[in-house]
Amino acid sequence: MTSRIIDLLRVGQPAQNVTVQGWVRTKREQKEFCFIEVNDGSSLVGLQAILSPDLPDYANQIKRLSTGASVEISGSLVESPAKGQRIELQASQITVYGEANPETYPLQKKRHSFEFLREIAHLRARTNTMGAVFRVRNACANAVHQFFQDRGFLWMHTPIISANDCEGAGELFTVTGLDLKNIPKTAAAEIDYSQDFFGRRAFLTVSGQLEAEIMAMAFTNVYTFGPTFRAENSNTSRHLAEFWMIEPEMAFCNLDGNMDLAEAFLKHIFKSVLEACPEDLEFFNQRIDNTVLATAENIISSDFPRITYTEAVSLLEKADRKFEFPVAWGLDLQSEHERYLAEELFKKPLIVTDYPSAIKAFYMRQNDGEPDDRKTVRAMDILAPKIGEIVGGSQREERLEPLEQRIQQAGLPVEELWWYLDLRRYGTVPHAGFGLGFERLVQFMTGMTNIRDVIPFPRSPLNAEF
RNA sequence: UGCUCCAUAGUUCAACUGGCAGAACGCGCGGCUGUUAACCGCGAAGUUGUAGGUUCAAAUCCUACUGGGGCAGCCA
């Protein structure tokens, strides 16, 4: 039976009749015999196999082996006489499934730049760093579900195609079945979407939040975890056109409960991934960013400071440094401000609450009893060192009339949100939730600086080849 | 989208102020009794991103285009 390499390495004991399958990472040919390192993706470290000349067809098989070749090797696991590994595979039989011509195979044993690897995204998963990234990404996803399932949250599959463009969360991708060579037009010479597949204009979703609110009004606690899309022309190391978002939504919950959940959530994810992928995180700490492990420990053990927007502004005003953008009550915090707070002042993630209502979304709960020029909403952002805003959430406006007012003020069509308003008409309840970019979480955890390197097939402007 | 930097061997980078395009790794061949992204020797490998321009002479200077990085905006 075939073993996964991670299992053999974890047990670390000699054994008979072992078979592994995988891809050759490196071949070290000696006069008398040959070493190869085989990796099957189950762990960062591969298994060293020793091929000796008494193997059938030795000379020929050795020639076919090179970095990238796929093999199956059977033999005995023995204690290694040399330093570097506890056990190794003494091969008695080897099958080369597929060769990888070393003259043309683009991956070499040594390090490549991430920019180069993005051009060969179909092969980059076979590298150390990408292997570690995608194992951590998987462990993260697993931890997300575990966290919510343990707390009785229902995973809700919100639609990927949505006709709702009222959320105002950025540019949308239009989904159409219209014949682009012959687009039907209205009398006003505009595209006639009434003839389109859905009888109206449809988009790829930018967020499952409004739908999650619907489901929370029946199941109390729910979460979404799926792809979302933004057609923004954003060229940064923190943005993708297609990314995965996690959005819990809780009925009978206020902003404090929301913050408590978000903080417990981040702590749980870091803890789980540390347990699931210790070697991979050690690798990131060594090769990518030497603060990764300290950051993880810091997240798990320390409380996140919580300050209001108003307090944040006064801290920034007192800061002993110059900012490019002005700081004043009413203006949104810029990247440089968020980074100053998280990286220099607090040196850990912090939560900023109660932002001016003018700069926040219509669905956020208005604070009571404030003067007109100082109105704030029950919003909260978690700001993390290096990547900035990692969580954005709020208590939602559960009162019908203030919500209608806010929709109008935002210039959005009240009639199209009739179903959202119905939630306030029938059995409304204080509720809250937050959204979290999954890739940013993986970035935060691994120290990878470019978001395109924490998703297998990144979608960004001018990039959709793989 | 704005600002800015960059594009040279398969890869990562050199090439001073415009003057013969180089190194390391990878690859090939040879050597090596246990290697560790091995080591030692030899070798092949280039229309300097594309299109124009200036010049006796352009990788180097100018223009446009294409692609990429960083920062910013939008946000997650």
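Quick notes
- Qualifying residue in the range A:165-172 (condition: open to solvent by 40 Å² or more (accessible area, probe 1.4 Å), under 30 Å from A:C140 (Cβ atoms) and modelled with pLDDT of 95 or more): no
Conditions tested, residue by residue: (1) loosely packed, with under 15 Cβ neighbours inside 10 Å; (2) not in a helix (DSSP H, G or I).
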site	(1), (2)
A:T67	no, yes
A:E88	no, yes
A:N101	yes, yes
A:F116	yes, no
A:F134	no, no
A:V144	no, no
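- Looking only at residues of the range A:373-401 that are out of contact with any Phe, Trp or Tyr (no Cβ under 9 Å at 6 or more places or on another chain) and open to solvent by less than 40 Å² (accessible area, probe 1.4 Å), we find that the one that is nearest to RNA strand B (Cβ to nearest atom) is A:G388.
- Sub-6 Å Cβ pairs linking a first residue in the range A:438-466 that is near RNA strand B (Cβ under 10 Å from one of its atoms) and of a type in the set (F, W, Y) to a second residue that is open to solvent by 10 Å² or more (accessible area, probe 1.4 Å) and at pLDDT 95 or above, at least 6 apart or interchain, are A:F438/A:W244, ordered by first then second residue.
- Here A:F148 meets each of (1) surrounded by 14 or more Cβ atoms within 10 Å (Cβ to Cβ); (2) out of contact with any Pro (no Cβ under 9 Å at 6 or more places or on another chain); (3) in a helix (DSSP H, G or I) with one exception, condition (2).
Yes/no matrix, rows are residues, columns are (1) farther than 21 Å from A:D381 by Cβ; (2) in the same structural domain as A:E213 (by TED's automatic domain parsing):
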residue	(1), (2)
A:D422	yes, yes
A:Y426	yes, yes
A:L441	no, yes
A:F444	no, yes
A:M448	yes, yes
A:E465	yes, no
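- Residues (surrounded by 13 or more Cβ atoms within 10 Å (Cβ to Cβ) and closer than 20 Å to A:D354 by Cα) located in the range A:272-313: A:F304, A:P305, A:R306, A:I307, A:T308, A:Y309, A:T310, A:E311, A:A312, A:V313
- Matching residues, the range A:103-127, being near RNA strand B (Cβ under 6 Å from one of its atoms) and more than 18 Å from A:E465 (Cβ to Cβ): A:E103, A:Q108, A:K109, A:K110, A:R111
- Close pairs from the range A:122-137: first of a type in the set (D, E, K, R), partner in a helix (DSSP H, G or I), Cβ under 8 Å, at least 6 apart: A:R124/A:L117; A:R124/A:R118; A:R124/A:M130; A:R135/A:D280; A:R137/A:V442
- In a residue-by-residue description of the range A:356-371, the property of being surrounded by fewer than 17 Cβ atoms within 10 Å (Cβ to Cβ), within 13 Å of RNA strand B (Cβ to nearest atom), closer than 22 Å to A:Q409 by Cα and of a type outside the set (S, T, N, Q) applies to at least one position.
- Qualifying positions in the range A:424-451 - over 19 Å from A:E263 (Cα atoms) and buried (at least 22 other Cβ atoms within 10 Å of the Cβ): A:M448
- Pairs with Cβ under 9 Å, 6+ apart, first in the range A:1-17 and more than 15 Å from A:S92 (Cα to Cα), second open to solvent by 60 Å² or more (accessible area, probe 1.4 Å) and of a type in the set (A, V, I, L, M, F, W, C): A:I5/A:V45; A:I6/A:V45; A:L9/A:V45
Per-residue answers, yes or no, for (1) in contact with a helix residue (DSSP H, G or I) (Cβ under 8 Å, 6 or more places away or on another chain); (2) outside the structural domain of A:T224 (by TED's automatic domain parsing); (3) at negative phi:
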{"site": "A:Q149", "(1), (2), (3)": "no, no, yes"}
{"site": "A:M156", "(1), (2), (3)": "yes, no, yes"}
{"site": "A:L180", "(1), (2), (3)": "no, yes, yes"}
{"site": "A:I191", "(1), (2), (3)": "no, yes, yes"}
{"site": "A:S194", "(1), (2), (3)": "no, yes, yes"}
{"site": "A:A212", "(1), (2), (3)": "no, no, yes"}
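The values are calculated or read from the model by the stated rules, or taken from the named source; none is laboratory data. Small disclaimer: the values here were computed from a predicted structure and weren't measured. All Cβ positions, even for glycine, are placed from backbone atoms using ideal geometry, and neighbour counts span all protein chains on display. SASA here: full protein model, heavy atoms, side chains in, ligands and nucleic acids out. Shrake-Rupley method; radii C 1.70, N 1.55, O 1.52, S 1.80 Å.
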